[in-house]
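To start, the structure itself, in structure tokens.
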Amino acid sequence: MPLFINALEAAAHRLSVVPPMFDYFNALGLHALIAAARMGVFDALDERPSTGDELAATLGLDPSSTTMLLRALAGLGYLRIRRGRYRLTRVSRLWFTTGSATSLVAGLEFWERTACVVWPRLEKTVRDGSPATPFYELLENDPELSRSFQAWTAAVARRQAPATARAIPVPRGAGRVLDVGGGHGVFSMALLRRHPGLRATVLDLPRALDAAAEHPRLTLRAGSFLSDDLGGGYDVVLLFNIVHGLDDEAVAALLPRLAAALNPGGTIVVGDQFGDSVMPGRASRTLLGLLDLNYRVAAGGRVRGFAEVSRLLREAGFRRPRHRRPLRSVTTELAIAETRRR
Ligand SMILES: C[S@@+](CC[C@H](N)C(=O)[O-])C[C@H]1O[C@@H](n2cnc3c(N)ncnc32)[C@H](O)[C@@H]1O
């Protein structure tokens, strides 16, 4: 969560009255958030708003340090105080309690590892352009990290999937969906719920499928979309949060293979964050810039604008790429296009 600074604080920063340490404090905020979620602070406060001392007694923590942690979390906007007791905000209830369908708690290990292991290698990436890690190889070889990554992406997908499924034009009579790198299967499941005649196949690396959804009309297929046969006869292909993790060569090689796997007139839906959308403000633009760098350092990819994705789709043989923003946010934008009808 961004630090909330007022005009006076912003001026003090501009005039260099204070050293430029906001980035350092943002990093501390991440650790405060992760520690709190792991220790069950949000779950406990959801059950019973508490003072620092009460919460410390409930969870067996140090009272004075617990109070400091709660004060810091309130400053970051994750808690509020009423009549001396800390309680959750809507944001923390939605994302940081374990009982919420969009809980990020199981995904926090992934954030921590990315911040502490991947990002310290940024210099190397900037020097030679290569990612810090063979990211998906790393996940395949580390079951806990893979579980945490899937938990994080699944939580975000659960928030986005219903609106996204409504925005996807499933052709009349469509029978088969291929969810490329679909991992947890949340986007496929949302389509299956909406369209009782559909069957979906999630193609992903073996470890990623460990925690995937189960459904009689959902098939999980372990394999690589880079090197394995994609099959054919699909009516819809989902390519969600995949393009940003690939280099230009891999994207250019993948899209024509997906076109060939679709029936004539079949639909591809690319879901991603497109950098050329209208941004509501400077904070969003800054976050998108950091996300761009994150995709490069973690996986060798980058943010691609709708204009570029649209061009790549046309070059791969798709028609009429359209831009949709089902949640009116930049977190999931869609590029929808069709293969030619014969
Ligand atoms: C950022 S996640 C996106 C997951 C899901 N599509 C979503 O939008 O929430 C990328 C997914 O691609 C999978 N993946 C990466 N490289 C792959 C490959 N070569 N073949 C198959 N799946 C791959 C990962 O395992 C992971 O599940």
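The values are calculated or read from the model by the stated rules, or taken from the named source; none is laboratory data. These numbers come from a predicted model, not from an experiment. A quick note on method: Cβ atoms are made from the backbone with ideal geometry, for glycine too, and the neighbour counts reach across all protein chains shown.
Annotations
- Meets criteria (at pLDDT 95 or above, within 15 Å of the ligand (Cβ to nearest atom) and buried (at least 18 other Cβ atoms within 10 Å of the Cβ)) for L226: no
- Test: residue in the stretch 49-66 that is assigned to a helix (DSSP H, G or I), polar (S, T, N, Q) and under 18 Å from A27 (Cβ atoms): no
- Hits in the stretch 131-168 (condition: more than 12 Å from the ligand (Cβ to nearest atom) and closer than 20 Å to F240 by Cβ): S148, P162, A163, A165, R166, A167, I168
- Residue match in the stretch 229-243 (condition: among the aromatic types (F, W, Y), in the same structural domain as A316 (by TED's automatic domain parsing), part of a strand (DSSP E or B) and under 20 Å from T332 (Cα atoms)): yes
- Checked against the criterion of being away from the ligand (no atom under 12 Å from the Cβ), farther than 16 Å from A32 by Cα and in the same structural domain as G40 (by TED's automatic domain parsing), the candidates R121, R172, R85, R80 yield just one match: R85.
Residues are listed down the side, and each one gets a yes or a no for (1) surrounded by fewer than 17 Cβ atoms within 10 Å (Cβ to Cβ); (2) under 27 Å from the mean Cα position of the chain (by Cα):
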residue	(1), (2)
P63	yes, no
T66	no, no
V91	yes, yes
E109	no, yes
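- Residue, surrounded by the fewest Cβ atoms within 10 Å (Cβ to Cβ), within the stretch 266-276, restricted to residues that are away from the ligand (no atom under 12 Å from the Cβ) and modelled with pLDDT of 95 or more: T267
- Sole residue being of a type in the set (V, I, T), buried (at least 20 other Cβ atoms within 10 Å of the Cβ) and closer than 29 Å to Q150 by Cβ, chosen from T97, T102: T97
- Pick from the stretch 190-211, criterion in a loop (DSSP other than H, G, I, E, B) and touching a helix residue (DSSP H, G or I) at 6+ places or on another chain (Cβ under 8 Å), ranking: farthest from the ligand (Cβ to nearest atom): L198
- At least 1 residues being under 24 Å from L262 (Cβ atoms) and modelled with pLDDT of 95 or more is the threshold, and among the helices (runs of 4 or more DSSP H) wholly inside the stretch 111-184 those reaching it are 143-167.
- Lone unmet requirement of (1) crowded, with 21+ Cβ neighbours inside 10 Å; (2) not in a helix (DSSP H, G or I) for H323: (1)
Here is a yes/no grid of residues against (1) out of contact with any Lys or Arg (no Cβ under 7 Å at 6 or more places or on another chain); (2) in a helix (DSSP H, G or I); (3) of a type in the set (G, A, S); (4) under 23 Å from P169 (Cα atoms):
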{"position": "P256", "(1), (2), (3), (4)": "yes, yes, no, yes"}
{"position": "G271", "(1), (2), (3), (4)": "yes, no, yes, yes"}
{"position": "Y295", "(1), (2), (3), (4)": "no, yes, no, no"}
{"position": "G301", "(1), (2), (3), (4)": "yes, no, yes, no"}
{"position": "S310", "(1), (2), (3), (4)": "yes, yes, yes, yes"}
{"position": "R319", "(1), (2), (3), (4)": "no, no, no, yes"}
{"position": "V330", "(1), (2), (3), (4)": "yes, no, no, yes"}
{"position": "R341", "(1), (2), (3), (4)": "yes, no, no, yes"}
